[in-house]
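See below for the structure under consideration.
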Amino acid sequence: MKALKRVCITYHMQTMISKPSDSIREYDTAESCIVIPMVEEIANDILQKQASSLHVPRILLNELASYQGYENGIFVMAEEVKLT
């Protein structure tokens, strides 16, 4: 089995609360985190490249936000979780 790293991904969940016709868009935003065990190569890529990594689980973040009543989930940052 490949070595796994635990990665904490922080993301924002948003829902637009203004009307699409409004000149200024307003959003209801909440922050959440999820810890995901990942194979080392993918974890390292996300930790090094952050939002520019092709491995950022954008679809998963959108799904998690949807389950919590928001329209979308937006990646903020990733940090390694060290087990003590």
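Just so it is clear, none of the values below were taken in a lab; they were calculated from the coordinates. These numbers were taken from a predicted model, which means no experiment stands behind them. Because the Cβ atoms are built from the backbone with ideal geometry, glycine has one as well, and the counts that use them run over all protein chains shown.
Structural remarks
- Selection count where residues are acidic (D, E) and farther than 26 Å from A3 by Cα, scope the range 41-84: 2
- Selection of the range 42-67 for residues being farther than 21 Å from M13 by Cβ and among the acidic types (D, E) yields only D45.
- Among the residues of the range 52-67, the one identified as assigned to a loop (DSSP other than H, G, I, E, B) and loosely packed, with under 12 Cβ neighbours inside 10 Å is L54.
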